[in-house]
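See below for the structure under consideration.
The values are calculated or read from the model by the stated rules, or taken from the named source; none is laboratory data. Because the structure is predicted, anything quoted here is derived from the model rather than measured. Cβ placement follows ideal geometry from the backbone for every residue including glycine, while neighbour counts extend to all protein chains displayed. Surface accessibility is based on the protein's heavy atoms, side chains included, excluding ligands, DNA and RNA. Shrake-Rupley method; radii C 1.70, N 1.55, O 1.52, S 1.80 Å.
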Amino acid sequence: MNKDVLTDIENIEEQVIEWRRYFHQNPELSNREFKTAEKIEQHLRSLGLEVQTGIAKTGVVGILKGNQPGKVVALRADIDALPVTERNDLPFKSEVKSSFLETETGVMHACGHDTHIAILMGVAEVLSSHKDKIKGTIKFIFQPAEEGPPPGEEGGAKLMIKEGVLKNPDVDVIFGLHINSGTPVGTIKYKSGGTMAAVERFVVTVKGKQTHGSAPWSGVDPILISAKIIDGFQTIISREAPLVEEAAVITVGKISSGVRFNIIPESAEMIGTVRTLDPKMRELIMRRMNEMARDIAKAYGGEASIEWQNNTVVTYNDPELTSQMLPTLQEIAGTENVITMNATTGGEDFSYFQEIVPGFYFFLGGMTPGNTSYYPHHTPDFLIDDSGLLLGVKAMTQLSLDYLNAN
C-alpha cells in the first residue's frame with residue numbers, strides 16, 4: 001500500500017470509529033433511514049464528490065472521478081438496522097424505539113451495518129485525497145433496506161438497480177464486505193463462486209373450521225394442521241434434499257392463530273424462510289412445500305396455500321475477479337489471515353448487483369482476538385470490536401486502486 005494512503009487511513013481510524021458509534025446509537029429501520037442518509041450525504045458533499053440522493057427511497061451515492069480515465073468500480077455499504085431491542089451496556093447503546101409490523105420494538109444495528117457505513121465513509125475520505133492515484137471512477141453506494149423493505153414496499157439493491165445505480169457511469173465491477181462477529185479482528189474470509197444463499201420468504205395460510213374448544217370434532221383445527229405442516233416441511237430437508245451437494249434450510253419464524261383459550265380458530269398463518277445454494281434444490285423444495293401444505297391440510301379436512309416472495313438470489317463471487325483481487329487482500333491482511341470459507345445459508349441482496357456486473361463480497365473479522373465465544377448477528381447481545389474497522393478501510397481502498405490500475 002502507498003505510504004501516503006496508508007498514513008491517511010491510519011489517521012482516520014478514530015473518526016471511523018466515531019461514525020460507527022453515532023450510527024449504532026441512532027439506528028433506523030429499512031426504507032426509513034432518513035437521518036442516516038442525511039449524515040452520509042453531508043460527509044460526501046464535504047469531500048467534493050458528486051452526490052445523488054433519494055435512490056431507492058433513502059439511498060445515497062457518491063461519485064469520485066480520478067485524475068486519469070479508466071474503468072468504474074462500485075463499493076457498497078448497507079445502512080439499515082433491525083427491529084431488535086439492544087441488551088448490553090455499551091456507552092453508545094441504542095435506545096431507539098419504533099414500530100415494526102404494528103409491534104412496538106427497539107431498533108438496533110444487530111448485523112453490523114453501522115460498521116459498513118463508517119468504513120465506506122472512511123474509504124471515501126481517503127480516496128478523495130488521492131485522485132492522482134485513481135485511474136478511473138469510484139462509486140460509493142450506500143444502500144437502504146438490505147434486510148428487506150416493509151411488506152408492500154419496494155426497496156434494497158433491487159430498487160437501486162431499477163433506478164439506475166449501476167449506470168451513468170456504467171459500473172464494471174462491485175466490491176462489498178460484511179463484518180462478522182464470530183471471526184477474529186484482522187482476519188478476512190472469502191469464497192469463490194456461490195457464497196451465500198438464495199432467500200425466499202413464504203406465507204402459509206391454513207383454513208379450518210371454527211368451533212368450541214371443548215368439541216374439536218365439530219370443527220377443523222388449523223393450529224393442529226399447521227403443526228403437521230411444519231413437521232412435514234422438515235422432512236423435505238432431512239429426507240428429500242441432497243444435502244451432500246449443498247446446504248438448505250426451511251425455517252418457520254412466526255405463527256399466528258386464535259384469540260381465546262377455548263376457541264378453535266378458523267385460520268392460521270405461518271411465515272418463514274427457505275435458504276438454498278443450488279437452483280435445482282430450490283425448485284425441489286418449493287414444489288414439495290406447495291404439495292405438502294396442500295395435501296396435509298386436505299388430509300385433516302382443511303385447506304392450505306403458500307405465497308412466495310424472493311428476497312435474494314445466490315451471492316456469487318465471480319471466480320476470475322476473486323482470483324484477481326485475492327493478492328490484494330493477502331497483502332493488506334497477511335496471507336495467513338485471508339481464509340477460504342464454506343458457503344453459508346445467510347442471504348445478501350448484494351447478490352442482485354452481482355447478477356448485473358462481476359462482484360466480490362468478503363467477510364471482515366469483528367471479534368476481539370482471544371475470545372472463544374461471541375454473540376450471533378440479529379441478536380440483542382450482538383457485539384463488534386471497533387478495532388476491526390481499520391482493516392475494512394484498507395481492504396476496500398486498496399481493492400479499488402489495484403483493480404483500476406490493473407485495468
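Looking at Ser323 and the list (1) over 22 Å from Val171 (Cβ atoms); (2) modelled with pLDDT of 95 or more; (3) of a type in the set (Gly, Ala, Ser), which single condition is not satisfied?
Answer for Ser323: the failing condition is (1).
For Tyr361, all conditions in the list (1) open to solvent by 20 Å² or more (accessible area, probe 1.4 Å); (2) within 24 Å of Gly148 (Cβ to Cβ); (3) in contact with a Gly (Cβ under 6 Å, 6 or more places away or on another chain) hold save one; what is the number of the exception?
The failed condition is (1).
When you scan the range 1-21, how many residues do you find that are over 20 Å from Thr115 (Cα atoms), open to solvent by less than 60 Å² (accessible area, probe 1.4 Å) and assigned to a helix (DSSP H, G or I)?
Number satisfying all stated conditions: 1.
Being within 21 Å of the chain's Cα centre (by Cα), at pLDDT 95 or above and β-branched (Val, Ile, Thr) is the requirement here; does Ile63 meet it?
no
Here is a yes/no grid of residues against (1) within 19 Å of Lys394 (Cα to Cα); (2) aliphatic (A, V, I, L, M):
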residue: Asn317; (1), (2): no, no
residue: Glu320; (1), (2): no, no
residue: Leu329; (1), (2): yes, yes
residue: Gly334; (1), (2): yes, no
residue: Met341; (1), (2): no, yes
residue: Phe350; (1), (2): no, no
residue: Phe353; (1), (2): no, no
residue: Val357; (1), (2): no, yes
residue: Met367; (1), (2): yes, yes
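Based on what the data block shows, is Met281 part of a helix (DSSP H, G or I) and under 25 Å from the mean Cα position of the chain (by Cα)?
When the stated conditions are applied, Met281 passes them.
What are the pairs, 6+ residues apart or on separate chains, where a residue within the range 141-164 that is in contact (Cβ under 8 Å) with a residue 24 or more places away in the chain has its Cβ under 7 Å from a residue that is open to solvent by 10 Å² or more (accessible area, probe 1.4 Å) and in a helix (DSSP H, G or I)?
Short answer, once both residue conditions are applied: Ala157/Tyr352; Lys158/Tyr352; Ile161/Tyr352; Ile161/Ile356.
Are any residues in the range 127-138 outside any strand (DSSP E or B) and surrounded by 24 or more Cβ atoms within 10 Å (Cβ to Cβ), and if so, which ones?
Leu127
I'm trying to understand the selection: among the residues of the range 213-271, which are hydroxyl-bearing (Ser, Thr, Tyr), more than 22 Å from Trp308 (Cβ to Cβ) and touching a residue at least 12 places away in the same chain (Cβ under 8 Å)?
Hit for the range 213-271 is Ser214, nothing else.
Among (1) touching a strand residue (DSSP E or B) at 6+ places or on another chain (Cβ under 9 Å); (2) within 26 Å of Ala81 (Cβ to Cβ); (3) modelled with pLDDT of 95 or more, there is one condition Lys394 misses while meeting the rest; what is its number?
(1) is the only condition that Lys394 fails.
So which of Leu401, Leu391 ends up being within 18 Å of Val173 (Cβ to Cβ) and buried (at least 19 other Cβ atoms within 10 Å of the Cβ)?
Just a single option satisfies the conditions, and that option is Leu401.
Suppose we filter the range 71-103 for residues that are outside any loop (DSSP other than H, G, I, E, B) and either surrounded by 12 or more Cβ atoms within 10 Å (Cβ to Cβ) or not basic (Lys, Arg) (or both); how many remain?
Summing the residues that are outside any loop (DSSP other than H, G, I, E, B) and either surrounded by 12 or more Cβ atoms within 10 Å (Cβ to Cβ) or not basic (Lys, Arg) (or both) in the range 71-103 gives 13.
So that you can scan it fast, the table gives a plain yes or no per residue for (1) in contact with a Leu (Cβ under 7 Å, 6 or more places away or on another chain); (2) in a strand (DSSP E or B); (3) of a type in the set (A, V, I, L, M); (4) buried (at least 17 other Cβ atoms within 10 Å of the Cβ):
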residue	(1), (2), (3), (4)
Ala110	yes, no, yes, yes
Asp114	no, no, no, yes
Val123	yes, no, yes, yes
Glu146	no, no, no, yes
Met160	no, no, yes, yes
Gly176	no, yes, no, yes
Ile179	yes, yes, yes, yes
Thr183	no, yes, no, yes
Glu200	no, yes, no, yes
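Kindly provide the set of residues from the range 204-231 that are open to solvent by less than 20 Å² (accessible area, probe 1.4 Å) and under 25 Å from Thr312 (Cα atoms), ordered by number.
Val204, Ile229
With the structure loaded, tell me whether Ile40 is touching a Lys or Arg at 6+ places or on another chain (Cβ under 7 Å), of a type outside the set (D, E, K, R), at pLDDT 95 or above and closer than 24 Å to Tyr361 by Cβ or whether it fails that test.
Taking the combined requirement at face value, the residue does not satisfy it.
Met289: in contact (Cβ under 8 Å) with a residue 24 or more places away in the chain and either surrounded by fewer than 19 Cβ atoms within 10 Å (Cβ to Cβ) or over 30 Å from Ser30 (Cα atoms) (or both), yes or no?
No; evaluated as a whole, the condition is false for this residue.
What's the number of the condition Glu95 fails, among (1) under 27 Å from Asp386 (Cα atoms); (2) touching a Ser or Thr at 6+ places or on another chain (Cβ under 6 Å)?
(2)
State all residues of the range 49-60 that are in a loop (DSSP other than H, G, I, E, B) and within 18 Å of the chain's Cα centre (by Cα); if no residue qualifies, say none.
Within the range 49-60, Ala56, Lys57, Thr58 meet the criteria.
Of everything in the range 129-156, what is of a type outside the set (D, E, K, R), out of contact with any strand residue (DSSP E or B) (no Cβ under 6 Å at 6 or more places or on another chain) and modelled with pLDDT of 95 or more? Give them in sequence order.
Ser129, His130, Ile134, Ala145, Gly155, Gly156
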